[in-house]
Amino acid sequence: MAASLTAVGGFVATGWLDFYGPDGWSWLGAVVALLATALGVGVAFALAHHMATPVLLLLALPFCGFFIHNAAEARVLAERGVSGACRVNDARTSATSVLNGAPEGGTSTVTRTVHRLTCPKGGPSELDAATAEARPGATLDLTWDPERRVGPRPTADVPGNSVLILPALAVLAVLLLAATTSPFRPGTR
């Protein structure tokens, strides 16, 4: 249980390092996340009396880290984000085939749209999105991080106070799962 708590703490540290920590240390967040996952899973493998818990932790800890990281990213835009109306000068859509892990070299098509923008001073010059957010000549309300550590998003997509629900549920699930690592046996300590 303590190792899983330490792993979750590592994921929180990763989110802080990526979005609030010192500039130029972007690799440190990834190292902390990998060490946190290795610690949580390693201790579970050492203590577990069955293989289900460590395997499930191996799957659950990275998801927990992903949810915490995304919540930290969204929190940055909610806290220090600057909003403004940007004019869309150009929008170019491209499609790329990528391997999707299916048997025999399965591929999926990933479509991205890059919007070239004219924004107020300090705003972004482009927005890379999964869909076309606006046509050329239209105005798009964006929120961006003045420190450029988080990519811009349409203002309507910046989450409100519900940003911590998924990470809280993920942490709870990991801790409940970690509690099964060493089963309680009456009469032992």
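The values are calculated or read from the model by the stated rules, or taken from the named source; none is laboratory data. Because the structure is predicted, anything quoted here is derived from the model rather than measured. With ideal geometry, Cβ positions are generated from the backbone for all residues, glycine too; neighbour counts draw on all protein chains shown. Calculation scope for accessible area: heavy atoms of the full protein, side chains included, ligands and nucleic acids excluded. Shrake-Rupley method; radii C 1.70, N 1.55, O 1.52, S 1.80 Å.
With respect to the conditions (1) over 24 Å from Glu73 (Cα atoms); (2) free of Cβ contacts under 8 Å to residues at least 24 places away in the same chain; (3) open to solvent by less than 80 Å² (accessible area, probe 1.4 Å), Val110 falls short on a single one, namely (1). Filtering the range 118-131 to residues that are in a loop (DSSP other than H, G, I, E, B) and crowded, with 17+ Cβ neighbours inside 10 Å leaves Cys119, Gly123, Pro124. Taking the conditions (1) in contact with a Pro (Cβ under 9 Å, 6 or more places away or on another chain); (2) open to solvent by 40 Å² or more (accessible area, probe 1.4 Å); (3) over 15 Å from Arg148 (Cβ atoms) in turn, Val82 satisfies each one other than (3). Residues of the range 112-141 that are over 20 Å from Val158 (Cβ atoms) and at pLDDT below 90: none at all.
Mind listing whichever residues of the range 132-155 are open to solvent by 60 Å² or more (accessible area, probe 1.4 Å) and closer than 14 Å to Asp90 by Cα? Listed by number, the residues that qualify are Ala132, Glu133, Arg135, Pro136, Thr139.
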